[in-house]
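Take a look at the structure set out below.
The values are calculated or read from the model by the stated rules, or taken from the named source; none is laboratory data. For clarity, every value in this text was computed on a predicted model and none was experimentally measured. Methodologically, a virtual Cβ is constructed for each residue, glycine included, from the backbone with ideal geometry; neighbour enumeration extends over all protein chains shown. SASA here: full protein model, heavy atoms, side chains in, ligands and nucleic acids out. Shrake-Rupley method; radii C 1.70, N 1.55, O 1.52, S 1.80 Å.
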Amino acid sequence: MLSLFKKFRDGLTRTTRGLAEHAQALFGGRALDASSLEALEEALYTADFGVATTTEILDEIKRAHAKEKGLRGQQAAAIGAEVLRRALAGSEGRLERAAAAGGRPEVICLIGVNGSGKTTTAAKIGWMLTQDGRSVTVAACDTFRAAAIEQLRTWTDRLKLELVASHTGADAAAVAYDAWEAARARGRDYVIVDTAGRLHTKDNLMEELAKIRRVLQKHDPAAPRHSWLVIDGSLGSNSIEQARVFHQSFGVTGLIVTKLDGTSRGGAVVGIWRELRLPIYFVGLGETAEDLQPFSVDNYVRAVFGLGESAA
């Protein structure tokens, strides 16, 4: 079984490769010079780290280079990784069951636009929780998209998860209500609610989200305890405004960044955190259930800068 670090390393290969291709000295043993610093700047922008983070990384490396002209690539990479650690301090979201759940299932509501990987992520989170000894009911509340229910059913069947579903066009809030009732009756720990993909311009879908919340709060005034926005990592920093709108409309409590294995723009994770200050709970590093991993700052920065696994 791959270590968590290797999952991050393999999942972020395209971002790491992009940095290496633009800034070969950073991943090699030779000393840095002015041209390699320029190449590094271009590489950081290409990887979508953004102006603030790129500037901080370059300033730190340039200061070290001024003190030690023989500064080598891997030393510079370690400096860059440390800058990212500081920038991402506090960004790791951790799912902990509420102490005062009172026998009620805890609700995790997944929201986001179509194509972000939300439906498959719902099943993957459910599987991850069952691997940790938790019991889960998945609610197929995307009744708007014709294929969504069957897609979720395929995944929950594959992962042996309990699913509550209706039919295309059904009342999504009613499905959420039934799922919560079933989960409580069966003593489940979590209800994971997959919702219809939406844009902020789709007023009817935004109202549907509000209705799901109102119905769930009849059971539990704190529901949904978690409202996580699923973001397609390949969109890079373009997803920041999307996330901001959802946060204003629905009150997002955390983020899941998917599809990082398919993009060279993995640096956007940093900009998303710096702009929104919403914790990142999970990242998608591949297609399988095991490829959805809790976000780890240390594994992320080491993987991005081609450093080895931490001794700790």
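Below is a table of values for the structure above.
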| item | result |
| --- | --- |
| Odd one out for V252 among (1) in a loop (DSSP other than H, G, I, E, B); (2) farther than 16 Å from L84 by Cα; (3) open to solvent by 10 Å² or more (accessible area, probe 1.4 Å); (4) not aromatic (F, W, Y) | (3) |
| Test set (1) open to solvent by 60 Å² or more (accessible area, probe 1.4 Å); (2) outside any loop (DSSP other than H, G, I, E, B); (3) farther than 28 Å from L235 by Cβ - E82 fails condition number | (3) |
| Qualifying position, being of a type outside the set (F, W, Y) and within 22 Å of the chain's Cα centre (by Cα), among A87, A165 | A87 |
| Selection from segment 255-288 of residues that are charged (D, E, K, R), in a helix (DSSP H, G or I) and either closer than 17 Å to R17 by Cα or open to solvent by less than 40 Å² (accessible area, probe 1.4 Å) (or both) | D261 |
| Some residue of segment 115-122 being free of Cβ contacts under 8 Å to residues at least 60 places away in the same chain, closer than 17 Å to W228 by Cβ and under 19 Å from the mean Cα position of the chain (by Cα) | yes |
| Residue match in segment 22-35 (condition: part of a helix (DSSP H, G or I), open to solvent by less than 60 Å² (accessible area, probe 1.4 Å) and either at pLDDT 80 or above or not aliphatic (A, V, I, L, M) (or both)) | yes |
| Per-region count, segment 86-114, residues farther than 18 Å from S227 by Cα, open to solvent by 30 Å² or more (accessible area, probe 1.4 Å) and either touching a Cys at 6+ places or on another chain (Cβ under 6 Å) or modelled with pLDDT of 95 or more (or both) | 3 |
| Of the criteria (1) closer than 16 Å to F305 by Cα; (2) open to solvent by 20 Å² or more (accessible area, probe 1.4 Å); (3) modelled with pLDDT of 80 or more, which one F49 fails | (2) |
| Residue identified as touching a Phe, Trp or Tyr at 6+ places or on another chain (Cβ under 7 Å) and at negative phi among F282, F305 | F282 |
